[in-house]
Amino acid sequence: MSTIAENIAKVRARIREAAHASGRDFAAVGLLAVSKTQSADAVRQAHAEGVRYFGENYLQEALAKQDELSDLDLIWHFIGPIQSNKTKLIAENFQWVHSVDRLKVAERLAAQRPAHLPALNVCLQVNVSGEASKSGCTPQELPALAQAVTQLPQLKLRGLMTIPEPTEDAAEQHAAFARLRALRDNLQLDLDTLSMGMSHDLEAAIAEGATWVRVGTALFGARDYGPR
């Protein structure tokens with residue numbers, strides 16, 4: 001097996017073990033392969049191992065990759081910060097957006113989603129750790145934002161996403177993910193998605209109810225952040 005194939009097998013085993021340990025169905029946890037800075041060939045290799053869902057942070061890189069891989073049945077998720085001048089291309093070219101954190105962006109995505117396409121699946125990004133450097137609405141802002149987004153055409157609010165402050169402390173990992181789950185439950189909306197957990201903390205995220213884990217390094221290896 002190639003390195004990517006071996007890595008995918010290892011990550012799937014981790015997901016399966018974490019789901020089993022927490023009494024959850026393995027099939028309820030989606031593997032979102034974070035392919036930012038990775039080549040189209042790397043995505044093709046992952047697809048050959050049955051990976052279908054790919055997350056991208058950088059719009060122009062993602063669009064080039066989508067064009068090169070148009071022969072494959074891939075589902076593209078936008079997971080990076082969203083600039084207002086990028087919403088049209090995101091609305092036209094992705095099936096999911098995990099990083100909506102303000103109403104202006106949601107309104108633009110709704111207005112710019114082509115009418116012939118299904119509603120765009122969106123998650124609201126919440127800054128559960130209160131880090132100034134992180135995107136995301138505050139927990140206090142979330143209820144009003146969620147209510148407003150549910151009223152927008154061509155968007156389907158699926159759930160919440162977070163990128164908590166990195167820590168190796170398992171208790172702190174669990175606490176951050178539990179906060180996001182509680183925020184979703186307290187909204188009392190019909191939401192089925194928690195996008196949380198990455199290569200280093202996916203076990204804690206799964207234990208707390210993650211339905212998407214966003215895994216890059218553990219699948220593809222270290223990223224190359226060269227000139228873009």
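Read-outs: derived from the displayed coordinates by stated rules, not from any lab. Bear in mind the structure is a predicted one, so any value in this text is a computation, not a measurement. Please note: Cβ atoms are built from the backbone with ideal geometry, for glycine as well, and neighbour counts cover all protein chains shown.
By how many nm would the segment from residue 189 to residue 60 grow when fully extended, if each residue of separation counts as 0.36 nm and the alpha-carbon distance is taken off?
Gain in length upon complete extension: 43.1 nm.
Where both residues lie in the chain, what percent of DSSP beta bridges are antiparallel, nearest 5?
Among the beta bridges of the chain, antiparallel pairing accounts for roughly 0 percent.
Note down the magnitude of the dipole of the range 157-216 about its Cα centre, charges +1 on Lys and Arg C-beta and -1 on Asp and Glu C-beta and zero elsewhere, to the nearest 20 debye.
Values: 5 positive and 10 negative charges, 57 e Å.
Magnitude of the dipole: close to 280 debye.
Under a 5 Å amide H to amide H cut-off, with H placed in plane at 1.01 Å, what residues pair with residue 100 once short-range neighbours are removed?
Counting only residues 5 or more places away or on other chains, the set is 123, 125.
Below 21 Å Cα-Cα, how many Lys pairs turn up in the chain? Only count pairs eight or more apart in sequence, or on different chains, if you could.
Summing the qualifying lysine pairs gives 14.
Once amide H atoms are placed 1.01 Å from N in the peptide plane, what residues at a sequence separation of 5 or more from residue 128, or on another chain, have their amide H within under 5 Å of its amide H?
When sequence neighbours closer than 5 places are left aside, the close amide H contacts are 163.
With viscosity set to 1.567 mPa s at 4 °C, what whole-number translational diffusion coefficient in µm²/s follows for the chain from Stokes-Einstein and a Kirkwood radius over Cα pairs?
Rounded, D is 73 µm²/s.
Would you kindly derive the ³J(HN,Hα) couplings of the range 42-47 from the backbone phi angles with the Karplus curve 6.51 cos²θ - 1.76 cosθ + 1.60 (θ = phi - 60°), listing them in order in whole Hz, with x for Gly and Pro?
So the J values, rounded to whole Hz, are 5, 4, 4, 5, 5, 4.
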